[in-house]
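> Handing you a structure now.
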Amino acid sequence: MVFTWVMSILRPLWMAFRHIFKYRFTVKYPYYALKLAERYRGRPVLDMEKCVGCKVCADVCPNKAITMVKVGDKTYPQFDLGRCCFCGLCAYFCLRSALTMNGGYELSDYDRKNLIYTPEKLVEIPPPPVERKKVVTVKKLSRTVGVTHG
Amino acid sequence: MGIEMMIESFVNFLVNLLLSKPFMEMLTKVIIFPGLMFPLLFVVFAVWFERKLLAKVHLRIGPLHVGPGPLGGLFQLIADALKLLQKEIIVPYRAHKILYNILPLIMPMLSLITIAFIPVIPFPSAGPTNHLVIFYTPYSLLVVLALFALRPFLVIGVGWASGSKYTTMGALRAAYQLLAYEVPIMLSVASVVMVTGSFDLVKIVESQSNLWFILLLPIGFIVFFVSMMAELGRRPFDIPHAEQEVVYGWATEFTGVHYVCVMMAEYVDLCVVSTLITLLFLGGWLGPVLPPVVWFFIKFGIVVVLIIMGRGVYPRLRIDQLLNAGWRILIPLALIQIFLVFFLAKFTPWLLPITV
C-alpha cells in the first residue's frame with residue numbers, strides 16, 4: 001500500500017519531467033501558421049466577368065447572407081460575411097463557376113459593417129496567410145488517433 | 001573655516017571608509033551577493049522560470065515577447081512591477097488603515113532579513129568566519145527558523161486588517177496550516193542538529209564533507225522538504241490563497257505596491273527555503289572539481305525546480321488532508337528519523353560526523 005501511495009506521488013512528477021523535453025503543440029500563430037487541410041474552403045471569391053447575376057447563390061444560401069446589388073447595369077451578389085457560415089453551397093451551385101471558395105481565413109475586423117463584402121471587394125483574392133508565414137505542422141500528429149499525449 | 005574643516009574631515013572619513021577592506025566587504029555582502037541583489041534578481045528570474053517551466057510541462061510555449069530571443073518574457077516581471085507601482089492604492093472601507101498599509105511592507109523586509117544569517121560559500125574575509133555571510137552567529141539555523149515562524153503571524157494580521165471575508169478565511173487557513181507544518185519542520189531539523197551537534201549552518205555544511213545528510217537522514221529530508229513547501233504555500237499546499245475557493249486568500253484586497261511587496265516576499269522566501277534545504281541536506285557548497293559557487297548554484301537550482309514543479313503536477317490538498325498529513329504522517333516520520341539517529345549513534349557511530 002505504501003508503495004502505491006509513494007508511486008502515486010512520484011509518477012506524475014516523472015511524467016511532468018518528461019514533458020519538459022517534449023515537442024509542444026502550441027503554434028506561435030501570428031509568426032507561424034498551420035498547414036491548411038486539403039479541402040479547406042475559406043471565404044468566397046467572385047469573378048465578375050463570369051457572373052451573369054442569375055441569383056442562384058442568393059436562393060441557395062442557408063443563412064441569407066447574399067443579397068443581389070446593382071453595379072453598373074448588372075447585378076452581382078454581395079456577401080455579409082458576418083452571417084456567412086462558409087458552407088460553400090453558393091460556389092457549389094454557381095452555374096458559371098464564378099464563385100469559388102479560396103479566400104483565406106483572416107477576416108476579423110473592428111467594425112461589423114466592414115464584414116459586408118461588396119462585389120468589388122469580393123473580387124480581390126488575398127494571399128492566404130499560409131503563404132505569407134512560415135508553415136509548420138505539429139509533429140507526431142497521428143492520423144488515426146489525432147494528437148497524442150504523454 | 002570651521003565648515004571647510006568639517007567638509008575636509010568628512011571627505012577623509014568617507015575615503016578611508018571606502019578604502020578599508022572590511023567595510024567594502026560588508027557592503028558587497030549586503031548589497032550584492034548574499035544580500036539584496038541576489039534575492040531580487042532571483043525573484044525576477046524565478047517568476048519567468050516558473051512560467052516557462054510550467055508551460056513546458058503543459059506542452060505550451062509560455063511568455064514570449066518581452067525579452068531577448070530565447071529568454072523571451074524575462075523582463076515581463078519588471079514591466080508588471082513598473083505598472084503595479086503606478087497604480088492607485090485602494091484601501092477597503094472596512095480595513096484597519098494602519099495595519100493594512102504597514103504589514104505588507106514588513107513582509108519582504110522580514111524575508112530579506114533572513115538571508116543575512118545564511119552563509120553561502122567560503123570566501124576569505126575579515127569577519128569571524130571565512131564565509132560569505134552578512135551576520136555570523138553560531139545559532140544561525142535557529143535564527144532563520146525563528147524568523148520563518150514569524151511570517152504566519154504577519155499573514156494572519158494582514159488577513160484580519162483587510163476586513164474582507166476572503167482575506168479572513170485565507171488568514172484562518174494559514175493559521176491552520178501553521179499547525180500542520182511547524183512541528184515537523186522543527187523535528188526534522190532536530191535530527192540534523194543532533195547529528196552535527198551545532199546550530200551553526202557553516203558547521204552543519206562542513207560536517208557533510210563525507211556524506212551528505214540527504215543520504216544519512218533521507219526521511220528527515222523528505223519531511224523537511226514537504227513541510228517547507230507547506231510553509232511557502234506552494235501549489236499542493238496553497239490552501240491560504242486557493243484561487244478557486246477564496247479569491248486570493250489573505251492577499252485578496254491588495255493593489256499596486258502592496259501586491260508587489262507580498263509577491264516579492266513569497267519569492268524571496270522561495271529563495272531562502274531553497275538555500276536552507278541546500279545547506280542542511282545537500283551539502284551546501286561542498287563538491288569535487290568545480291568551484292564551490294558552481295556547486296551551490298547547481299544544488300540550489302535543482303531544489304528550486306523541484307519546488308516549482310509541484311505547481312504543475314499536484315492538485316491542491318484540502319485543509320483537513322493537510323492536517324492529517326502533518327500530524328499522522330510527517331510528525332511520526334520525523335520522530336522515526338530521530339530514533340534512527342539514536343540507533344546510528346549506538347551501533348554505527350563512525351557514520352556520524354561529530355563536530356563539537
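> Size of the range B:33-351 along its principal axes in angstrom, Cα-based, largest extent first?
The Cα atoms of the range B:33-351 stretch 63, 45, 43 Å along the principal axes, largest first.
> Where is the GNM fluctuation largest for chain B (alpha-carbon springs, 10 angstrom cutoff): B:Ile121, B:Ile89, B:Ile307?
Checking each option, the largest mean-square fluctuation is seen for B:Ile89.
> Might you report the magnitude of the Cβ-based charge dipole of chain A about its Cα centre, with Lys and Arg at +1 and Asp and Glu at -1, to the nearest 20 debye?
That gives chain A a dipole magnitude of about 820 debye.
> Springs between alpha-carbon atoms under 10 Å, Gaussian network over chain A: tell me which of A:Arg112, A:Arg41, A:Arg11 tops the mean-square fluctuations.
In the Gaussian network model the winner is A:Arg11.
> Accessible area per residue of the range B:34-155 at 1.4 Å probe, in Å²? Could you put the intermediate results ahead of the total?
Details: 6190 Å² over 122 residues.
In whole numbers, the range B:34-155 has 51 Å² accessible per residue.
> Same structure, new question: Compute the long axis of helix A:2-20 from its Cα atoms, compare it with the longest principal axis of the Cα atoms of chain A, and write down the angle in degrees, 0 to 90, nearest 10.
So the inclination is approximately 40 degrees.
> List the lysines whose Cα lies under 19 Å from the Cα of B:Lys97, skipping any in the same chain that are fewer than 8 positions away.
B:Lys87, B:Lys165
> What's the local net charge at B:Gln177, with K and R +1, D and E -1, over the other residues with C-beta under 15 Å away?
Working: positive: B:Arg151, B:Arg173, B:Arg234, B:Arg235, B:Arg316, B:Arg318; negative: B:Glu182, B:Glu231, B:Asp238, B:Glu245, B:Glu266, B:Asp269, B:Asp320.
Net charge in that neighbourhood comes out at -1.
> In addition: Any chance you could check the range A:7-41 for residues losing 20 Å² or more of accessible area when the partner protein chains are in, compared with the chain on its own (1.4 Å probe)?
A:Ile9, A:Pro12, A:Leu13, A:Ala16, A:Phe17, A:His19, A:Ile20, A:Arg24, A:Phe25, A:Thr26, A:Lys28, A:Tyr31
> Taking a cut-off of 17 Å, what percent of all Cα-Cα pairs in the range A:1-59 are separated by more than that?
Of all Cα-Cα pairs in the range A:1-59, 72 percent lie more than 17 Å apart.
> Using the Cβ atoms and a cut-off under 13 Å, what net charge is assigned to the surroundings of B:Leu276, where Lys and Arg are +1 and Asp and Glu are -1? Before the final figure, lay out the partial values.
Numbers: positive: B:Lys299; negative: B:Glu231, B:Asp269.
Counting the neighbours of B:Leu276, the net charge comes to -1.
> Per residue and in Å³, how big is the convex hull formed by the alpha-carbon atoms of the range B:149-213? Intermediate values should be presented prior to the final figure.
Working: hull volume 5.8 nm³, N = 65.
Once divided by residue count, the hull of the range B:149-213 is 89 Å³.
> Give me, ordered by chain and number, the residues 5 or more places off A:Ile116 or on other chains with an amide H under 5 Å from its own placed amide H.
Residues meeting the criterion, in which the H sits 1.01 Å from N, are A:Leu81.
> Separate question: Out of the total accessible area of the protein assembly as shown (probe 1.4 Å, heavy atoms of protein only), what percent is carbon and sulfur? Show your work: numbers first, answer last.
Working: 18920 of 27860 Å².
Accessible surface attributable to carbon and sulfur in the protein assembly as shown totals 68 percent.
> Check every DSSP H run in chain B and write down those whose alpha carbon atoms cover 20 angstrom or more along the long axis and whose mean Kyte-Doolittle hydropathy is 0.0 or greater. Walk me through the intermediate numbers first.
Details: long enough: B:2-19 (25 Å, 1.49); B:37-57 (29 Å, 1.45); B:97-115 (30 Å, 1.68); B:140-161 (32 Å, 2.11); B:165-196 (46 Å, 0.95); B:218-232 (21 Å, 1.93); B:256-281 (38 Å, 1.65); B:292-313 (32 Å, 2.05); B:331-347 (24 Å, 2.28).
Helix filter hits for chain B: B:2-19, B:37-57, B:97-115, B:140-161, B:165-196, B:218-232, B:256-281, B:292-313, B:331-347.
> Write down the Å³ per residue value for the convex hull defined by the alpha carbon atoms of chain A. Kindly include the intermediate steps, with their values, before the conclusion.
Values: hull volume 27.3 nm³, N = 150.
So the per-residue hull volume is 182 Å³.
> A further question follows. Could you state how much accessible area is buried at the B-A interface, both sides summed, with a 1.4 Å probe, in Å² to the nearest 100?
Numbers: alone 17830 and 11500 Å², together 27860 Å².
It comes to approximately 1500 Å² buried between B and A.
> If the reach is capped at under 12 angstrom between alpha carbons, list the aspartates and glutamates near A:Lys35, excluding any in the same chain fewer than eight residues apart.
Answer for A:Lys35, where 12 Å is the Cα cut-off: A:Glu131, listed by chain and number.
> Return the unpartnered cysteines for the protein assembly as shown, using a Cβ-Cβ cut-off of under 4.7 Å.
By the Cβ distance rule, which asks for a partner under 4.7 Å, the isolated cysteines are A:Cys51, A:Cys54, A:Cys61, A:Cys84, A:Cys85, A:Cys87, A:Cys94, B:Cys261, B:Cys271.
> Which of A:Asn63, A:Tyr92, A:Tyr32 sits closest to the plus end of the dipole of the range A:1-116, meaning its Cα is farthest towards the positive end, when Lys and Arg get +1 and Asp and Glu get -1 on the C-beta?
Value: A:Tyr32.
> Straight-line reach from A:Lys121: which lysines fall under 25 Å, measuring Cα to Cα and dropping same-chain residues less than 8 apart?
Output for A:Lys121: A:Lys50, A:Lys55, A:Lys64, A:Lys70, A:Lys74, A:Lys113, A:Lys133.
> Given a Förster radius of 51 Å and the C-beta distance between A:Phe25 and A:Asp73 as r, what FRET efficiency does 1/(1 + (r/R0)^6) yield to the nearest 0.05?
Values: r = 54 Å, r/R0 = 1.05.
Computed FRET efficiency for A:Phe25 and A:Asp73 comes out at 0.45.
> Could I ask something else about it? Can you give the alpha-carbon Rg of the range A:70-133 over 2.2 N^0.38 Å, where N counts its residues? Don't skip to the end; give the middle numbers.
Values: Rg = 12.8 Å, N = 64, 2.2 N^0.38 = 10.7 Å.
Normalised Cα radius of gyration, the range A:70-133: 1.19.
> Take the Cα atoms of the protein assembly as shown, build their convex hull, and give its volume per residue in Å³. Spell out each step's value before the answer.
Working: hull volume 135.2 nm³, N = 506.
It comes to 267 Å³ per residue, whole-number rounded.
> Related question: If only Cα atoms are counted, what is the Rg of the range B:2-108, and what is its Dmax, in Å?
Expressed in Å, the Cα Rg and Dmax of the range B:2-108 come to 21.9, 71.
The values are calculated or read from the model by the stated rules, or taken from the named source; none is laboratory data. Note that this is a predicted model, so its numbers are computed, not measured. As a convention, Cβ positions derive from the backbone with ideal geometry for all residues, glycine included, and neighbour counts pool all protein chains shown. Just the protein is used for accessible areas: all its heavy atoms, side chains included, with ligands, DNA and RNA removed. Shrake-Rupley method; radii C 1.70, N 1.55, O 1.52, S 1.80 Å.
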